[in-house]
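The structure under discussion appears below in the form of structure tokens.
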Amino acid sequence: MYWRRILPTLALGLALFAASRDLDASGSGTSPSWGPYSWTEGSKIGVVTDNPEAYLAIFVNSTNPEATPPAGEWIPLNVTQFGIPADAKAVYIGGTLIITHGKKPQTCDLTVAFARPGSATVTGNYIFQAIEAEIEGGQRSTAGAWVPVVDGVTEWQWGRGDTQTQHPKGVIGAYPAECSYGINLSIQAYIR
């Protein structure tokens, strides 16, 4: 069932990849450039051959702070530990974002950002987001994106809290008074 959700996104990525190659058919040997963005091209794609949920690349459970990485800080993720070649240019990361709203009236926000190591990307440039405003409500949101890799590493950051006072890393109280947050993401594919 997961592949039925991810295949349209994968197909779009491949179509965009093919389009970028067609746009650069001038023979200049340089990648296309659109405004402030820069791109890299790949020639091979790899996908998992078994259940991609058998391992977690990124896992957050805010109700267990000892096992949860700090919010609002860039965290390196070595993708080679999952069998991804060190020369991969990007990986497709997908999974679930989870918010369980507590009893305090607030708008709880969960974001995840990715960047190449050493990038100057700011916290507000997140790729994934889920929001829950209903007291004792909950959100389960699937998310997936291609993220840059350099020398087998990408960086990620998560933010959480009330959108007005705590996000991305302000002090929050424990659940059930405040919201709890979870992130469960695995690597689905790579491009090299």
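Rounded to a whole number, what % of the accessible area of segment 129-180 do carbon and sulfur atoms account for, probe 1.4 Å? Carbon and sulfur atoms account for 48 percent of the accessible area of segment 129-180. Computed on protein heavy atoms with a 1.4 Å probe, the accessible areas place 151, 87 in the order 151, 87, largest first.
The lysines within cross-link reach of residue 103, meaning a Cα-to-Cα straight distance under 18 Å and a gap of 8 or more places when in the same chain, come to none at all.
Spin-label pair residue 140-residue 107: with each label point 7 Å from Cα along the Cα-Cβ axis, the two points sit 2.5 nm from one another. Within straight-line reach of residue 44, meaning a Cα separation under 26 Å, sit the following lysines at least 8 residues removed in sequence or on another chain: 89. Counting every alpha-carbon pair across segment 99-192, the share separated by more than 16 Å comes to 57%. For segment 51-113, the per residue solvent-accessible surface stands at 44 Å², with DNA, RNA and ligands left out and a 1.4 Å probe.
Residues 101, 167 ordered from highest to lowest accessible area at a 1.4 Å probe: 167, 101.
Distance between the 7 Å Cα→Cβ label points at residue 47 and residue 75: 2.8 nm. Note on residue 127 and residue 66: with the Förster distance fixed at 22 Å, the Cβ-Cβ geometry gives a FRET efficiency of about 0.25.
Rounded, prolate or oblate: which one fits segment 85-129, using the alpha carbon gyration tensor with axes a ≥ b ≥ c (rounded when a/c is under 1.5, else prolate when a/b beats b/c, else oblate)? Since a/c reaches 1.5 but b/c is at least a/b, the shape of segment 85-129 is classed as oblate.
The values are calculated or read from the model by the stated rules, or taken from the named source; none is laboratory data. Because the structure is predicted, anything quoted here is derived from the model rather than measured. Cβ coordinates were reconstructed from backbone atoms using ideal geometry, including for glycine residues, and neighbour counts include every protein chain displayed. In case anyone asks, the SASA skips ligands and DNA or RNA and just uses the protein heavy atoms, side chains included. Shrake-Rupley method; radii C 1.70, N 1.55, O 1.52, S 1.80 Å.
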